[in-house]
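The block underneath contains the structure these notes are about, expressed in structure tokens.
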Amino acid sequence: MTQGRRALVTGASRGIGAAIAQRLAADGYRVAVHYRTDEELAVRVRQGLHGSDHMLARADLRDPEATRAMVDEIAEGWDGLDVLVNNAGIFEAHPIDETDYDEWQRRWSEAVAVNLVGPANVTWAAVRHMGAGASIVNVGSRGAFRGEPQCPAYGATKAGIAAFGQSLAKDLGRRGIAVTTVAPGFVDTEMAAEALAGDGGAVRRAESPFGRIAEPEEIAEAVAFLARPEAAWMSGSILDANGASYLRM
């Protein structure tokens, strides 16, 4: 049963996060729409959600104290938390032979802070408000497994998220909390727009036998499935959602 469950979705003002928020609200969840800077977009997403008692949640996930305060405020407003979706992330090109050392440092620092340490801090805070039957779903990437030569920090941090999720699944199962990861390929979002432009976009679409990339709603469906309490036995799993564009054993 999902009616009335309380879910925090990070990076929910656009793209995959917004689609996840909409999908969970349609299933009867109360949803906290997290954003960093664009309040107008976040408000628009919240206003478009089915049902009521939804919230806005603002925090820069690079700031540990702001992150903890944001989670605590949401959980205290609802008297608990049932679902956390760690979706917020950044994706920026920085191939090693084309990036100077200062830029290399900046790209890695930001990717680690937002894609890995940020979700870890959100999770630490969220777990303190969760009980048996709760779910944590991380949005990872196929890049964790196939490599990302143009965006090595992204690939590395998404690999870290996969390992983080499996480590917590082993630990939190004793408390009845399930932890899973969804690993998409390219998705038609603003974040991927540059990589999908021109000839590069044609190459990306041809990677899948479907001849296209994913829509955000397709990733949201996978997340919604894993977030359900009935999917608890999937804990520790990494669910590929890439249209057979990358297959792993």
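The alpha carbon centroids of the range 1-78 and the range 156-230 are separated by 18 Å.
Taken as entire DSSP H runs, the helices of the chain that both span 27 Å or more between Cα atoms along their own long axis and average 0.0 or more on the Kyte-Doolittle scale are 152-172. The dipole here belongs to the range 6-241: it is taken about the Cα centre, uses +1 on the Cβ of Lys and Arg and -1 on the Cβ of Asp and Glu, and is about 780 debye. GNM on the chain, alpha-carbon springs under 10 angstrom: the most fluctuating residue among SER52, SER141, SER235 is SER52. Once backbone amide H atoms are built at 1.01 Å from N, VAL33 has MET55, LEU56, ALA57 as its partners under 5 Å, excluding neighbours fewer than 5 places away on the same chain.
Considering only LEU24, LEU168, LEU61, the Gaussian network model of the chain with Cα springs below 10 Å gives its largest mean-square fluctuation to LEU168. When the Cα gyration tensor is reduced to axis lengths a ≥ b ≥ c, the ratio a/c is 1.5 or higher for the range 84-187, and with a/b above b/c it is classed as prolate. The string of couplings for the range 132-140 from the Karplus curve (6.51, -1.76, 1.60, θ = phi - 60°) is 4, x, 6, 9, 10, 10, 9, 9, x Hz, one whole number per residue in order, with x for Gly and Pro.
Averaging the sequence gap over all C-alpha pairs within less than 8 Å and six or more residues apart, then dividing by the number of residues, gives the chain a relative contact order of 20 percent.
Close amide H partners of ASN138, meaning residues 5 or more places away or on another chain with modelled amide H under 5 Å apart, are ASN86, THR180, THR181, VAL182.
Neighbour counts of other C-beta atoms within 10 Å: give me LYS158, LYS170 arranged from fewest to most.
Ranking LYS158, LYS170 by Cβ neighbours within 10 Å, fewest first, gives LYS170, LYS158.
Taking the Cα centre of the range 122-201 as the origin, how large is its charge dipole in debye, to the nearest 20, when only Lys and Arg (+1) and Asp and Glu (-1) carry charge on their Cβ atoms? List each step's numbers first, then the result.
On the way: 7 positive and 6 negative charges, 130 e Å.
For the range 122-201, the charge dipole is close to 620 debye.
Placing unit charges on C-beta atoms (Lys and Arg positive, Asp and Glu negative, everything else neutral), compute the dipole magnitude of the range 70-199 about its Cα centre in debye, rounded to 20.
Charge dipole of the range 70-199: 860 debye, to the nearest 20.
The numbers here are math on the coordinates, done by the rules we state, and not lab data. Please read all numbers here as calculations on a predicted model, not as lab measurements. Neighbour counts run over all protein chains shown; Cβ positions are idealised from the backbone, glycine included.
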